[in-house]
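A.B. asks: Here's a structure for you.
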Amino acid sequence: MHANIDRRLFLGSASATAGLALLPGCAPTAATIPTTGLANASPTETLARIAEEMLAEYPESATSLGLDKGERVGLKSKLTDRSMLGRSTRALAANRRLAEARTVAASNAPASVKLDAQVTAAAHEIADEGYRFPFGDVVNLDPNLGYRNAPYVVAQNTGAFIEIPDFLDSKHVIETQPDAQAYVARVEDYATALDGETERLAHDRGLGVVAPSFLLDKTLKILRGGRAEAPTSTVLVTSLAKRAGEKGLPATSAQAVEALVHQRVMPALDRQIAEIEKHRAQSNDNAGVWDLPDGEEYYRWALKAATTTNLSPQEIHNLGREQLKLVQDRMDGILRKAGFTKGSVGARMTALGKDPAQLFPNTDAGRAQLLGYLNELVAGIRAKMPQAFATLVPGNLVIKRVPIAIEVGAPGGYAGPGTIDGTVPGAYYINLRDTARWPKFGLPTLTYHEGIPGHIWQGEYTFKLPLVRSLLAFNAYSEGWALYAEQVADELGMYGDNPLAVLGYLQANAFRCCRLVVDTGLHEMRWSRAQAIRWFAEANGSGEDEVQSEVDRYCAWPGQACGYKIGQIEIVRLREKAKDALGSRYDFRQFNDAVVLGGAVPLTLLESVIDAHIAARRASRRG
């Protein structure tokens with residue numbers, strides 16, 4: 001197999017829906033699922049209602065997008081229900097909405113509405129299938145976390161303790177006293193969310209669904225570290241106190257949060273720690289989900305969810321090895337021209353990565369220098385955007401350090417969207433626990449991936465679409481775009497004639513090829529954690545600390561890491577298709593517009609978006 005992936009392997013039409021496997025004793029009552037007025041709704045009304053239901057299920061998304069005001073202001077006081085009942089309620093709702101979306105997709109609605117319905121149906125089909133496994137976290141309908149699903153309710157990079165404090169600090173806007181009161185309500189809900197997770201952890205432990213011992217050790221370290229903080233020192237208290245004080249609001253809200261942290265949050269953390277300690281006592285060091293009940297079937301679903309293809313684990317594994325060779329052949333040529341001739345490509349890159357000239361000091365001053373460099377890179381690429389897009393967006397972003405409390409389990413870099421109205425910028429996070437993991441030559445491509453023209457840039461185009469489309473994310477599309485964005489930066493000359501910068505770009509690409517090999521190695525071929533770390537470090541020349549965190553991430557989020565390269569391959573394939581079909585009418589900027597203006601879609605629908613672009617360009621020529 002090569003880059004031109006066999007089209008039959010992409011998702012076909014959705015299969016018929018079977019009954020859901022609900023958690024025992026958690027069947028929602030009929031009253032929890034609204035059914036009135038559905039039959040007479042128009043297609044656009046149906047999709048609009050689906051969007052509102054999704055906002056209600058994941059209230060954090062309303063805040064992230066700046067929609068928690070007006071008629072939706074009640075959502076600002078709420079968090080996602082992480083209990084067993086909450087999971088089962090969402091499962092039934094997803095199953096019902098899947099049928100509704102399919103009906104709209106099969107109707108005589110306008111083409112744009114039918115596409116919206118097809119996208120909505122595809123996302124709900126993935127969720128519906130995932131909910132049939134009676135364990136784990138199915139979150140692909142949550143725009144904040146939809147890039148990953150997880151077999152474990154809580155892990156070193158998954159769970160309320162990882163996600164909610166930073167969300168409240170960075171996303172929950174404090175302007176008025178009602179905003180502060182809503183923050184207090186959410187802190188109380190946070191304690192409830194912790195207990196809801198603990199309930200599900202106990203349930204899953206009873207099924208034999210227990211994370212590997214090394215993940216649990218990391219998770220316990222993070223949780224115990226948070227539990228050891230004095231309530232007054234927690235970000236939950238300090239964030240509200242600081243921001244409320246800046247607005248001249250009473251101190252009573254921060255005092256209420258401090259009391260809640262002491263009386264509700266810390267005891268809930270104690271209960272979660274105690275439950276995870278039970279998991280640790282029952283755990284082993286098997287790294288892959290093959291060790292779980294129905295683990296092999298679960299992994300195939302996880303790959304489907306992450307890649308929106310039907311590629312098998314073996315096909316993905318082989319593709320990763322083939323793509324890695326292609327990328328490293330190019331790297332080898334550049335290294336040889338630069339005088340680096342001895343050892344494998346990985347070994348030579350390891351040596352380059354340890355060059356002191358390429359490293360920022362592992363100090364607060366060094367971290368500040370690194371962040372300053374990233375902002376310079378953003379300014380440079382921003383000026384190039386008119387060369388790559390005919391339709392521009394603001395690219396509203398801020399670069400932030402990953403919160404220290406969670407950096408041990410967090411990815412190296414990631415991005416989160418800003419609000420639709422632009423009042424809160426998108427955030428590009430970088431993990432600065434150890435600056436040695438970030439040689440200077442690797443930072444440009446990371447910045448183009450996470451910021452511009454990657455995640456934050458692409459995400460702003462979704463704000464132009466109907467709300468339901470702004471709420472739906474597909475890992476292979478978004479990560480495939482971000483990897484393609486690195487390629488666009490190369491094509492715009494952002495790496496110039498600097499061979500180290502080009503090598504950084506290529507090493508990042510090779511990194512994504514390695515992910516295909518390692519993810520499938522862990523979960524399908526039963527590699528050990530040590531085997532995966534060793535292979536990855538040697539193959540790509542990455543530092544062992546970085547690789548260890550990556551491997552642990554794949555253990556916690558099976559399949560997610562496979563979306564990057566597979567998505568990029570498909571975007572590039574479709575670009576070549578557009579070039580061949582349009583000839584002199586092909587336009588680089590117009591093609592990029594078509595991909596981002598079409599919004600996040602499963603890969604199976606991306607081709608129809610590009611086919612429509614090709615048809616429109618041909619029609620304009622005839623005109």
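The values are calculated or read from the model by the stated rules, or taken from the named source; none is laboratory data. Source: prediction; values computed, not measured. Cβ placement follows ideal geometry from the backbone for every residue including glycine, while neighbour counts extend to all protein chains displayed.
A.B. asks: Looking at the range 355-388, which of its residues are of a type in the set (D, E, K, R), farther than 16 Å from Tyr495 by Cα and in contact (Cβ under 8 Å) with a residue 12 or more places away in the chain?
C.D. replies: Asp355, Arg367
A.B. asks: Suppose we filter Glu450, Glu491, Glu479 for residues that are within 14 Å of Lys565 (Cβ to Cβ), out of contact with any Pro (no Cβ under 9 Å at 6 or more places or on another chain) and at pLDDT 95 or above; which single one remains? Write out each step before concluding.
C.D. replies: Working: Glu450 fails: within 14 Å of Lys565 (Cβ to Cβ); Glu491 fails: within 14 Å of Lys565 (Cβ to Cβ).
Criteria check complete, one pass: Glu479.
A.B. asks: If you don't mind, another one. Quick check, is Gly353 small (Gly, Ala, Ser), modelled with pLDDT under 95 and under 17 Å from Phe441 (Cβ atoms)?
C.D. replies: Values: small (Gly, Ala, Ser): yes; modelled with pLDDT under 95: yes; under 17 Å from Phe441 (Cβ atoms): yes.
When the stated conditions are applied, Gly353 passes them.
A.B. asks: What do you reckon, is Gly196 surrounded by fewer than 22 Cβ atoms within 10 Å (Cβ to Cβ) and either in a helix (DSSP H, G or I) or without any contact (Cβ under 8 Å) to a residue 60 or more places away in the chain (or both)?
C.D. replies: Details: surrounded by fewer than 22 Cβ atoms within 10 Å (Cβ to Cβ): no; either in a helix (DSSP H, G or I) or without any contact (Cβ under 8 Å) to a residue 60 or more places away in the chain (or both): yes.
Criteria not met by Gly196.
A.B. asks: Do you know which of the residues in the range 461-470 that are modelled with pLDDT of 95 or more and part of a helix (DSSP H, G or I) is surrounded by the most Cβ atoms within 10 Å (Cβ to Cβ)? Even if it seems obvious, please write down each step before you answer.
C.D. replies: Start the filter on the range 461-470 by keeping residues that are modelled with pLDDT of 95 or more, which leaves 461, 465-469.
From the residues that got through so far, the ones that are part of a helix (DSSP H, G or I) too are 461, 467-469.
Values: Tyr461: 20, Leu467: 20, Val468: 25, Arg469: 21.
Among them, the one singled out is Val468.
A.B. asks: Report every pair of residues separated by at least 6 positions or lying on different chains whose Cβ atoms are under 7 Å apart, first residue within the range 568-582 and of a type in the set (S, T, N, Q), second buried (at least 22 other Cβ atoms within 10 Å of the Cβ).
C.D. replies: Gln568/Gly480; Gln568/Leu483; Gln568/Tyr484
A.B. asks: Give the residues of the range 259-295 that are among the charged types (D, E, K, R), out of contact with any helix residue (DSSP H, G or I) (no Cβ under 6 Å at 6 or more places or on another chain) and farther than 30 Å from Glu188 by Cα, sorted by residue number.
C.D. replies: Start the filter on the range 259-295 by keeping residues that are among the charged types (D, E, K, R), which leaves 264, 270-271, 275, 277-278, 280, 285, 291, 294.
Checking the rest, the ones that are also out of contact with any helix residue (DSSP H, G or I) (no Cβ under 6 Å at 6 or more places or on another chain) come to 270, 277-278, 291, 294.
Listed by number, the residues that qualify are Asp291, Asp294.
A.B. asks: Of everything in the range 345-376, what is surrounded by fewer than 20 Cβ atoms within 10 Å (Cβ to Cβ) and outside any helix (DSSP H, G or I)? Give them in sequence order.
C.D. replies: Lys354, Asp355, Leu359, Pro361, Asn362, Thr363
A.B. asks: Given (1) acidic (Asp, Glu); (2) surrounded by fewer than 21 Cβ atoms within 10 Å (Cβ to Cβ); (3) touching a helix residue (DSSP H, G or I) at 6+ places or on another chain (Cβ under 9 Å); (4) in a helix (DSSP H, G or I), where does Asp116 come up short, assuming only one miss?
C.D. replies: Result: Asp116 passes all but (2).
A.B. asks: Further, regarding this structure: Exactly one condition in (1) at pLDDT 95 or above; (2) in a loop (DSSP other than H, G, I, E, B); (3) closer than 19 Å to Asp329 by Cα is not met by Asp497; state its number.
C.D. replies: (1)
A.B. asks: Report yes if some residue within the range 548-560 is more than 30 Å from Glu125 (Cβ to Cβ) and without any contact (Cβ under 8 Å) to a residue 12 or more places away in the chain; otherwise report no.
C.D. replies: No; the residues of the range 548-560 include none that is more than 30 Å from Glu125 (Cβ to Cβ) and without any contact (Cβ under 8 Å) to a residue 12 or more places away in the chain.
A.B. asks: Still on this model: Looking for something in contact (Cβ under 8 Å) with a residue 40 or more places away in the chain, of a type in the set (Lys, Arg) and under 30 Å from Trp527 (Cα atoms) - is there at least one such residue anywhere in the range 236-256?
C.D. replies: No.
A.B. asks: For the condition of a type in the set (Val, Ile, Thr), closer than 28 Å to Ala302 by Cβ, surrounded by 24 or more Cβ atoms within 10 Å (Cβ to Cβ) and touching a residue at least 60 places away in the same chain (Cβ under 8 Å), what is the one hit in Ile456, Ile452? Before the answer, list the steps.
C.D. replies: Numbers: Ile452 fails: closer than 28 Å to Ala302 by Cβ.
From the options Ile456, Ile452, the qualifying one is Ile456.
A.B. asks: Can I ask one more? Check whether at least one residue in the range 32-43 is crowded, with 18+ Cβ neighbours inside 10 Å and modelled with pLDDT of 95 or more, and report yes or no.
C.D. replies: Residues of the range 32-43 that are crowded, with 18+ Cβ neighbours inside 10 Å, as a first pass: 43.
Those still in the list that are modelled with pLDDT of 95 or more too: 43.
Yes; the residues of the range 32-43 include at least one that is crowded, with 18+ Cβ neighbours inside 10 Å and modelled with pLDDT of 95 or more.
A.B. asks: Filter the range 415-447 down to residues that are surrounded by 20 or more Cβ atoms within 10 Å (Cβ to Cβ) and assigned to a helix (DSSP H, G or I) and give me whichever is modelled with the lowest pLDDT.
C.D. replies: Arg437
A.B. asks: Under 9 Å between Cβ atoms, which residue pairs at least 6 apart in sequence (or on different chains) link something in the range 211-235 that is touching a residue at least 60 places away in the same chain (Cβ under 8 Å) and over 19 Å from Ser528 (Cα atoms) with a partner that is in a helix (DSSP H, G or I) and polar (S, T, N, Q)?
C.D. replies: Leu223/Gln272
A.B. asks: Taking the condition of being charged (D, E, K, R) and part of a helix (DSSP H, G or I), how many residues in the range 69-107 meet it? Full working, then the answer.
C.D. replies: Within the range 69-107, the subset charged (D, E, K, R) is 69, 71-72, 76, 78, 81-82, 87, 90, 96-97, 100, 102.
Subset that is part of a helix (DSSP H, G or I): 71-72, 76, 87, 90, 96-97, 100, 102.
Adding up the residues that qualify gives 9.
A.B. asks: Continuing with the same structure: Consider Leu311 against the criteria (1) under 27 Å from Thr604 (Cα atoms); (2) outside any loop (DSSP other than H, G, I, E, B): it satisfies all of them except one. Which criterion is unmet?
C.D. replies: Going through the list (1) under 27 Å from Thr604 (Cα atoms); (2) outside any loop (DSSP other than H, G, I, E, B), Leu311 breaks only (2).
A.B. asks: While we're here: Cβ-Cβ below 6 Å, separation at least six or inter-chain, first residue in the range 322-350 and free of Cβ contacts under 8 Å to residues at least 12 places away in the same chain, second part of a helix (DSSP H, G or I) and exposed (fewer than 15 other Cβ atoms within 10 Å of the Cβ): which pairs?
C.D. replies: That search, which allows pairs on different chains as well, returns nothing.
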